Amino acid sequence: MTLDLAMRWTEILLAIALIMPSVEHIRAGGKERLLFSLRLILCLLLLYPEIGAYSAYICLAMSGLAVLILHRFEGPYNGGSDRMSLLILFCLTLAHWLPQENWKELAFGYLGLQLTLSYFISGWVKIRNPDWRTGRALRDVFAFSAYPVAENLRGLADRKTLLLAGSWLVMICELLFPLSLASKYTLIPFLVLAASFHLSNAMFFGLNRFVLAWIAAYPSILWLQDRFIG
């Protein structure tokens, strides 16, 4: 995968990830409606097939809007998904505007590195937590959390063996994620597992913004693996 192709796919996936949150904010009034209406327009432009030659300018404009939105909400108000979206956007913008090819690669490769670390660090934090090692963390999520879990799913809190196995599967996959870079034959299955994990969180807990926010960064790690490891 070439750098240009990986960046273009990242732009498309990021635009799709940001469209729905932008639409949600259009119902607000004043400055908030203006900011997110402009972001929606830029996202739609970024999806246009013939826009490739101008995507650098669109990413730059979206980065400026992102700073204004951060000021409006005094930070990334939606937590991890906002932070990942910002990281993707800023890395894309830098990769477009840095003057030398190796600097562009460094900026885009940083995104792939951060994606890898996001999974590994998440697994490291979990495995140090005794509630995750015993499966209690997942049981508590299904039994007591305020997430919009369907009532018929709350019964999973009693499936201790299943949740214990699920907890260890998540932790092992996250901790081993950096090793998946050794080959494209290991990286792709790991990415499928990771995407499935985000999708299950969206289905069970309504954490839908995490799905596309993380998947939008996948082209960077596919490019990184192909560029430096092969």
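The values are calculated or read from the model by the stated rules, or taken from the named source; none is laboratory data. Because the structure is predicted, anything quoted here is derived from the model rather than measured. Cβ coordinates were reconstructed from backbone atoms using ideal geometry, including for glycine residues, and neighbour counts include every protein chain displayed.
Name the helices (runs of 4 or more DSSP H) wholly inside region 1-114 in which the number of residues that are basic (Lys, Arg) is 3 or more.
Qualifying helices (runs of 4 or more DSSP H): 30-47.
Could you tell me whether region 170-178 includes any residue that is without any contact (Cβ under 8 Å) to a residue 12 or more places away in the chain and surrounded by fewer than 17 Cβ atoms within 10 Å (Cβ to Cβ)?
no
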Taking first residues from region 70-89 that are farther than 20 Å from Leu115 by Cα and second residues anywhere that are of a type in the set (A, V, I, L, M) and assigned to a helix (DSSP H, G or I), the pairs with Cβ under 7 Å that are 6 or more apart or on different chains are Arg72/Leu35
Restricting region 163-173 to residues that are hydrophobic (A, V, I, L, M, F, W, C) and in contact with a Leu (Cβ under 7 Å, 6 or more places away or on another chain), the one nearest to Phe144 (Cα to Cα) turns out to be Leu163
Scanning region 9-24 residue by residue, those surrounded by fewer than 17 Cβ atoms within 10 Å (Cβ to Cβ) and charged (D, E, K, R) turn out to be Glu24
Within region 29-47, the residues that are within 16 Å of Thr10 (Cβ to Cβ) and either among the hydroxyl-bearing types (Ser, Thr, Tyr) or buried (at least 17 other Cβ atoms within 10 Å of the Cβ) (or both) are Leu42, Cys43, Leu46
Sole miss for Gly123 among (1) without any contact (Cβ under 8 Å) to a residue 60 or more places away in the chain; (2) closer than 17 Å to Ser220 by Cβ; (3) buried (at least 18 other Cβ atoms within 10 Å of the Cβ) is condition (2)
Q) Would it be correct to say that Leu92 is touching an Asp or Glu at 6+ places or on another chain (Cβ under 7 Å), modelled with pLDDT of 90 or more and closer than 22 Å to Phe228 by Cα? A) yes
message: Suppose the filter is over 30 Å from His25 (Cβ atoms) and at pLDDT below 95; does Asn78 pass it?
response: no
Within region 96-120, the residues that are touching an Asp or Glu at 6+ places or on another chain (Cβ under 8 Å) and either under 23 Å from Val67 (Cα atoms) or crowded, with 18+ Cβ neighbours inside 10 Å (or both) are Tyr119
When restricted to Phe177, Phe210, Phe204, the only residue at pLDDT 90 or above, touching a helix residue (DSSP H, G or I) at 6+ places or on another chain (Cβ under 7 Å) and aromatic (Phe, Trp, Tyr) is Phe177
